[in-house]
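Notes follow once the structure below has been shown.
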Amino acid sequence: MARLIHISDLHFGAHDPAIVDAVEQQVNETDPDLVVISGDLTQRAKTEQFQQACRFLERLRDNGHDVLAVPGNHDVPLYDVLRRFLSPLTRYMRFVDDTLCPLYELPGATVLGINTARSFTFKDGRISREQMDFIRKTFERADPNAMRILVTHHPLFALPVGEEMTRAVGRSELALDAIGDAGVDMLLAGHNHHASIHSTSDLVTRAGPALVIQAGTATSTRVREQPQSFNGIETGESSATVTVFAWTGKEFTAEDTQRFQQQGDHWRLAEREDEATH
């Protein structure tokens, strides 16, 4: 079993410091095996914003937490045009992580991060053929009994957010083939500032049996229909329990817990924990 905290869209520079403190407190209380951050650590990729993000990561690590992070589109400079196209992720690699494809192997889970942020798109993401090959080869070498978890900033699927459908990552059809070939069990992403959970078989027919877990914004002041939130994830043998920790205005509380069982080519929702207690 592996325990993860899945955080996304921190947006340092447009964040609420009180909520940052509350996130740290909840992470310390939960004591996960790994903290996963699926992009947009900064609002505009400025040095001082990356410094704030770096201090946040240092505090997590000083408290004994391992961290896996990937960049988001906001971590690429927007208005600094030369830096955007010549060295878009230099600051990210200096202050956050010098690799853009981090890998953690935990008892019961292999977690791989892939960068989907690109200079030539202001908002949308993209995945390259080289990255798809890397996904296949990495999970081919992984423990066959471990849950295979892929982390990106941009969701690989078009997803419903309110009454709208979001855009899928560029080359999404090829990416879906890759995660199906690699036997990916779980996809973690952010970008939409909207927490949700889906089974890939309910979205498309070609991506294999993956559970799609979207995180809301953890600490940004820019919310979309939902308060700030992040996810707690526990993996078991062909199972996963996902808890959404939502901001109440004073603290994060466990708002919703759902348990899923992997059955063949589908993840099925098991009994909700709040239902099981009644």
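The values are calculated or read from the model by the stated rules, or taken from the named source; none is laboratory data. Keep in mind the model is a prediction, meaning the values are calculated, not measured. Cβ sites come from the backbone with ideal geometry, for glycine too, and all protein chains shown count toward neighbours.
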Leu174, sole failed condition from (1) among the hydrophobic types (A, V, I, L, M, F, W, C); (2) crowded, with 23+ Cβ neighbours inside 10 Å; (3) over 24 Å from Leu34 (Cβ atoms): (2)
Hey, can you tell me all the residues within region 177-195 that are part of a loop (DSSP other than H, G, I, E, B), of a type in the set (Gly, Ala, Ser) and surrounded by 20 or more Cβ atoms within 10 Å (Cβ to Cβ)? Gly190, Ala195
Of those in region 222-236 that are out of contact with any helix residue (DSSP H, G or I) (no Cβ under 7 Å at 6 or more places or on another chain) and touching a residue at least 40 places away in the same chain (Cβ under 8 Å), the residue farthest from Met186 (Cα to Cα) is Arg222
On the given criteria, is Thr42 touching a Lys or Arg at 6+ places or on another chain (Cβ under 7 Å) and of a type in the set (S, T, N, Q)? no
Qualifying helices (runs of 4 or more DSSP H) (wholly inside region 17-136; at least 1 residues being modelled with pLDDT of 95 or more and more than 15 Å from the chain's Cα centre (by Cα)): 17-30, 47-62, 90-95
How many residues does region 4-56 contain that are touching a Leu at 6+ places or on another chain (Cβ under 8 Å), charged (D, E, K, R) and either surrounded by fewer than 19 Cβ atoms within 10 Å (Cβ to Cβ) or over 21 Å from Asn192 (Cα atoms) (or both)? 3
Starting from residues that are in a strand (DSSP E or B) and aliphatic (A, V, I, L, M), keep the ones in region 233-272 and report whichever is surrounded by the fewest Cβ atoms within 10 Å (Cβ to Cβ). Leu269
Cβ pairs under 6 Å, 6+ apart, first in region 138-155 and surrounded by fewer than 23 Cβ atoms within 10 Å (Cβ to Cβ), second assigned to a strand (DSSP E or B) and not polar (S, T, N, Q): Thr138/Leu112; Ala146/Ala109
Quick one: what pairs do we get from region 192-211, first residue within 22 Å of Thr235 (Cα to Cα), second among the hydroxyl-bearing types (Ser, Thr, Tyr) and modelled with pLDDT of 80 or more, C-beta under 7 Å, 6+ apart or different chains? Ala195/Ser229; Ala207/Thr200; Gly208/Thr200; Pro209/Thr200; Ala210/Thr200; Leu211/Ser199
Does Leu159 qualify as being within 18 Å of Asp9 (Cβ to Cβ) and out of contact with any His (no Cβ under 8 Å at 6 or more places or on another chain)? no
Leading residue by the ranking (surrounded by the fewest Cβ atoms within 10 Å (Cβ to Cβ)) among those in region 158-171 that are of a type in the set (A, V, I, L, M, F, W, C) and closer than 21 Å to Asp256 by Cβ: Val161
